[in-house]
Structures are given as structure tokens and as C-alpha cells.
Amino acid sequence: MQEQCGGFALPLDAAAKQALVDAATFGQGRLPEPRAHELGALYVRKAASQKLSSSSVIALGAFDGLHLGHRALIARLVADACNRELPSAVVTFDPDPSEVVGLRPEARLLSVSDRVRGLFSLGADAVLVMHFTPELAGLAPAAFCTRIEETLHPASVHVGTNFRFGARGAGDISTLQENLGSCGIDVVPQDLALGGTEPVSATRIRHLLAQGALDKAAELLGRCHYVRGLVMHGRGEGTGMGFATANVQCEPLSAMPAEGVYGGYVVVEGVPYASAINVGAPKSFEETKRPNFLEAHLLGFSGDIYGREVQVVFCRWLRAQRRFSSMAELEAVVRENIEWVHVNLNADSEGAIC
């Protein structure tokens, strides 16, 4: 029986590898240049540029992760916009409201730019990244609705049934309907998608990733999870053992999976390389432990990528971190991990990073 990885049977051929990485990273296409908007930064497809000035169909939400629930809501948004012959626009927030209202900041499943790219890949014509400020957080729900109506002129507004807004989160679906419905704007609530018996949510996915439950997280995301970061100089132990590693410092609020060893891909300038990925410092080198840090051995790659940004796609949990009795034992186990990646994730050769 074949194993599954991101919805594909292992081992992956070249086409399946590219499809998996493209799905995880939303293809890494270029974004339109953002325009200044009184509420934030507006990204617009060229084809929708003229129509957007009059009216649109909008969705409101954080949309972190663009999981299955978000995808269902955006699909309904796009269908409604098509029926009305209007452009579809998604309004999201940066920074995350939790960072502004004094709550503990949550790890991000996607950076803002990746969220925008993902929303375009799901069919949105425009994305408004609203600057979430203390002033915006303190608006009464009715004042927030007025701002949406006067600045965006929506024909309809799509939200999840758990959407809250306004000072202290006092606004809900009924508040939207009371304030926007009186202006002739349709409010379209959407029930939360279920993953098993529980709703799909970014919080649930973060919890699964923190446990190392990649397969379950991928089911709820509808794709493999990935992070991005900069390649930095590291300890150098890997080179001494014959398999050099790229040391990647990920963005500060990245939703990192649990410490351990994974099989996946590192994307360098759009090209995915099958990789054995170590999250967190190995037990044998714990004195070098750094937050949001990983090491990856890229198979089939040679070159200098220090200082470059890469994307790291996590496909399969391979093993937990543990302390080894000798360097020889550590080297043997690492080679086993690399061999699994080579066999299953379509590496062309066992190259090393210089």
C-alpha cells in the first residue's frame, strides 16, 4: 500500500513534487504593486481595476492559513461576485488584531504577502490589507460598519459565523445585518467548515503543528504547511559529517512545527529541492538552540545561498529529536533520514550546500 503525502502517493514523481510545492506556496507568483488606500494597502488585478471603484462583493476576516474553511468562504464570495457581475475583494488585517489589543501574539501560518498571494490564487480580484491600529480596534461596531460602507461601497459582505469586530469584539453577524442591511447591503454569513467533528480553525491548525501532526494539519489546510526565512551561517558540524546544511532563520512569528526531523522541500528561487529538515537544535548541540530556526540538507543542490530567502515546505514527520551516544550513531541516523527523502521525495542526486 502506498503512503500519502500532501494528497499524493509516495514516492513522488517530478510532476507530483511540483504540484505539491505549488499548492503549498500558492505558486509564488508576483503580486500587483499595492496602492495606497485610506484603510491600508490595496492590491488589485489589472482586469478588475476599473470596476472596483464603483462597487464590489467583499469578504472580511483574518484568513490566516487560508484553510479549508477560508477556501469555502472565498469560493462563495467569487461565485456571488460573478453572479452580480462585480469584482470580488477580500479585506484582511495587518498586524493581527491580537497584537494590537494586548493579547499574546499568535504564530502566523502565513505572512501577509503570502496571504495576499494565496487569496489571489483562490480567485479574488482585489485584496485590501487594512492597517489594524488602536484607533480601529477602539471603533464602536456601528462606526466600523459605517467605515466599511463609505470606503468600500459593497453590494454584499461575506463573513464566517464566528466573525467579531469593533471595540472589545462587541460586533457580530446580527450587528452587521442591522447596520449594513439598512443600507441595502446583503450580509452573507457562512457556517464554519468541519474537519471531523470540530470546526476548522487557524488555532486548531497551530496546535496540530506544535504537536508535529503534519498530516492532520495538512488535511485542514488543504495543502502542506510552509515557512520562509533567510539562510545564515551555522555551526558547520554537517559539513564535517559529509552533508552540509542550510541554516534558516525563519520570520519571528512563523508557525513552526514541533522540534524534530522532517522530509520536505526547500524552494530556492522558485526551484524545489527535496530536503531532510531539522527543526530546533539537535540534542547533541543544544547550546546553539535558537527560536524559529531550522537546518535543511538539500539533495541535488550546490551553490552559495547565504543571505537569500527560501521557502521550506514540510511534508512528512520522520522522527523526534534525541541525544545520540556518539557522532557515528548520529551520522548513521541522519543518513537514513536523507535516504528516505531521496527515495520518496524525488531528489535527483545527493548534492551538498557549499
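The values are calculated or read from the model by the stated rules, or taken from the named source; none is laboratory data. Only a predicted model underlies this, so the values are computations on that prediction, with no experimental measurement involved. Every residue, glycine among them, receives a Cβ derived from its backbone with ideal geometry; neighbour counts consider all protein chains shown. Heads up: the accessible areas ignore ligands, DNA and RNA and are worked out on the full protein's heavy atoms, side chains in. Shrake-Rupley method; radii C 1.70, N 1.55, O 1.52, S 1.80 Å.
Of the Cα atoms belonging to the stretch 149-241, the radius of gyration and Dmax stand at 20.9, 70 Å.
Using only the heavy atoms of the protein chains and a 1.4 Å probe, how would MET256, MET232, MET130 rank by accessible area, largest first?
Working: MET256 35, MET232 75, MET130 5 Å².
I get MET232, MET256, MET130, largest accessible area first.
For the chain, modelled as a GNM whose springs connect Cα atoms under 10 angstrom apart, the maximal fluctuation among ARG35, ARG104, ARG290 occurs at ARG104. What the chain shows is 45 Å² of accessible area per residue, with the surface traced by a 1.4 Å probe over protein heavy atoms. Taking the 1.4 Å solvent-accessible surface of the stretch 18-143 as the whole, the part contributed by carbon and sulfur is 55%. Using all Cα-Cα distances in the chain, what percent lands in each 10 angstrom bin from 0 up to the longest? Each 10 Å bin holds this share of Cα pairs: 5, 24, 30, 21, 13, 6, 1, 0.
In what sequence, largest accessible area first, do THR92, THR197 appear using a 1.4 Å probe? Can you show the working numbers first?
Values: THR92 0, THR197 130 Å².
The ordering from most to least exposed comes out as THR197, THR92.
Would you mind telling me which residue in SER56, SER254, SER326 has the biggest mean-square fluctuation in a Gaussian network model of the chain, where springs connect alpha carbons within a distance under 10 angstrom? The residue with the greatest mean-square fluctuation here is SER326. With all protein chains in place and ligands, DNA and RNA left out, the 1.4 Å accessible area ranks LYS46, LYS216 as LYS46, LYS216, largest first. Taking each DSSP H run with n ≥ 4 as -39500 (n - 2.57) and averaging over every residue of the chain yields -9000 deg cm²/dmol at 222 nm. Annotation note: GluC sites (Glu not before Pro) in the stretch 70-108 located in DSSP loop regions with a Cβ neighbour count of at most 14 within 10 Å are GLU85. Apolar share of the accessible surface for the stretch 244-342: 52 percent from carbon plus sulfur atoms, 1.4 Å probe. Of the residues ILE74, ILE173, ILE58, the one that moves most in a GNM of the chain with alpha-carbon contacts below 10 Å is ILE173. Peptides 200-211, 333-344 ranked from most to least packed, by the mean per-residue count of other Cβ atoms within 10 Å: 200-211, 333-344. Helix 141-152 axis versus longest C-alpha principal axis of the chain: approximately 90°, rounded to the nearest ten. Amide H contacts under 5 Å for HIS158: ILE58, ALA59, LEU60, VAL188, restricted to partners 5 or more places along the chain or on a different chain, H placed in the peptide plane at 1.01 Å from N.
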